[in-house]
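Each reported figure results from applying straightforward, stated rules to the coordinates on display, with no laboratory input. Please read all numbers here as calculations on a predicted model, not as lab measurements. Positions of Cβ are backbone-derived with ideal geometry, glycine not excepted, and every protein chain shown enters the neighbour counts.
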Amino acid sequence: MKIKKSMSYRCFTVANTLFLLLVSFTMLYPMLYVLFASFSESNALLMHDGLLYWPVGANTEAYMKVFNNPMVWSGYRNTLFILIVGVSLNMVMTTIAAYVLSRKNLPGSMAMTAFIVITMYFSSGLIPNYLNVKGMGLDNTLWALIIPGAMSAYNMIMMRTFFAGIPDSLEESATLDGANHLVILLRIVLPLSGSVVAVMILYYAVSHWNSWFNAMIYLRDRTKFPLQLVLREILIQNDTSTMMENLSNLEQGSIAETIKYAIIVVSTAPILMVYPFLQKYFVKGVMIGAIKG
């Protein structure tokens, strides 16, 4: 039986749809503007006024300059190293800590959790952190961007809350079959926690991918700069000289703008491509972690 919708309901649906489309456009257009500008001809872009709905004098000159810059490729290599090694270490540390603290029969678990939570509100500060990194011999190495942040207290608490919601009967039955804690974690807990694991990977990956401040403090060798620090030099310090060595001063001034847009696209596209594959786990994992505990 088909329910007839009232006129007021139809009007609300149309108005709501139009409003959400407008909101979506205002959020999506800045990214489209950067994309269109990166494929535009430099002089035509500088002369263009108003909104940009398509590339002006489309060409790929800016991307050719970006990909011919060795700093971009070294930045990608360093960022991928930090991303792969860092996320692996993050997940191992976070998973072990979350599993241990989620055990209800662990003596002093509440005290240890409280001790970890305190670190979310109080930090030692920038100078002690730098002295600590330097004292461990990590200064001017990529490990300075990985080891000090090996575990996030917030992410650990979220994963701990999720692990605590898994039925105790599963662990008890596995214990009766002779399983130890490592077997329970790898064969029972983690297979049931795919959503929260995906969320943790996404959180840590985005954090490593976007990180530039620690790299600016700890790294002095330009060959070790991650991609985001290379991007900062180009956008904030307006350093595009390495990509325009064979151009005249007039050509350099015009193409500098499109190069900035192209480097933004190159540095953000990979991490944006990950979201569609983790979106369903992301929503489920965050909501379950927020409801329980």
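Report relative contact order for the chain in percent, whole number only (criteria: Cα-Cα under 8 Å, sequence separation at least 6). If you can, show how the numbers build up before the last one.
Numbers: 272 pairs, mean separation 88.5, N = 293.
It rounds to 30 percent for the chain.
Which entries of 134/260; 224/260; 65/134 show an alpha-carbon separation above 28 angstrom in the structure shown? Please list the in-between numbers first.
On the way: 134/260 34 Å; 224/260 21 Å; 65/134 36 Å.
Distance filter (> 28 Å) returns 134/260; 65/134.
Applying the Karplus relation 6.51 cos²θ - 1.76 cosθ + 1.60 with θ = phi - 60° to the stretch 140-152 yields 3J(HN,Hα) values of 6, 10, 5, 5, 5, 9, 10, 5, x, x, 5, 8, 9 Hz, where x marks Gly and Pro. Loop sites by DSSP among the chymotrypsin sites (Phe, Trp or Tyr not before Pro) of the chain, restricted to those with at most 12 other Cβ atoms within 10 angstrom, leave 123-293 as the longest stretch without any of them. Ranking 53, 264, 154 by Cα position along the charge dipole of the chain, where only Lys, Arg, Asp and Glu carry charges on their C-beta atoms, puts 154 farthest toward the positive end. Could you tell me which of rounded, prolate or oblate describes the stretch 1-159, using a ≥ b ≥ c as the square roots of the eigenvalues of the alpha-carbon gyration tensor, with rounded for a/c under 1.5 and, failing that, prolate when a/b is larger than b/c and oblate otherwise? Oblate shape, in that a/c is at least 1.5 and b/c is the bigger or equal ratio. Pairs of Cα atoms under 8 Å, at least six residues apart: use those to get the relative contact order of the stretch 5-95, whole percent. RCO, the stretch 5-95: 19 percent. Extension gain, residue 105-residue 27: 0.36 nm per intervening residue step, less the Cα-Cα distance, totals 23.3 nm. Averaging the Cα positions of each part gives two centres, and for the stretch 1-44 and the stretch 186-214 these lie 31 Å apart. Here's how it looks for residue 59: its modeled amide H is under 5 Å from those of 40, 41, which are all 5 or more places away or on a different chain.
How would you classify the chain from its alpha-carbon gyration tensor, with a ≥ b ≥ c the square roots of the eigenvalues: rounded for a/c under 1.5, else prolate if a/b is greater than b/c, otherwise oblate? Cα axes put the chain in the oblate bin. Here the 3J(HN,Hα) profile of the stretch 5-19, calculated from phi with Karplus coefficients 6.51, -1.76 and 1.60 at θ = phi - 60°, is 8, 6, 5, 5, 5, 5, 5, 5, 5, 5, 5, 5, 5, 5, 5 Hz, Gly and Pro shown as x.
Just to confirm the filter: which trypsin sites (Lys or Arg not before Pro) across the stretch 41-125 are DSSP coil and have at most 16 other Cβ within 10 angstrom of their Cβ?
Numbers: sites: 65, 77, 103, 104; in loops: 103, 104.
Within the stretch 41-125, the qualifying trypsin sites (Lys or Arg not before Pro) (loop, at most 16 other Cβ atoms within 10 Å) are 103, 104.
Going by a ≥ b ≥ c, the root eigenvalues of the Cα gyration tensor, does the stretch 172-211 fall in the rounded group (a/c under 1.5), the prolate group (a/b larger than b/c) or the oblate group? Taking the square roots of the gyration eigenvalues as a ≥ b ≥ c, the stretch 172-211 is prolate. Estimated from helices alone, the mean residue ellipticity of the chain at 222 nm is -22500 deg cm²/dmol (sum of -39500 (n - 2.57) over DSSP H runs with n ≥ 4, per residue). 3J(HN,Hα) along the stretch 163-168: 4, 5, x, 6, x, 5 Hz, from the Karplus curve 6.51 cos²θ - 1.76 cosθ + 1.60 with θ = phi - 60°, whole Hz, x for Gly and Pro. Full extension of the chain between residue 114 and residue 64 gives 12.8 nm of extra length, using 0.36 nm per residue less the Cα-Cα distance.
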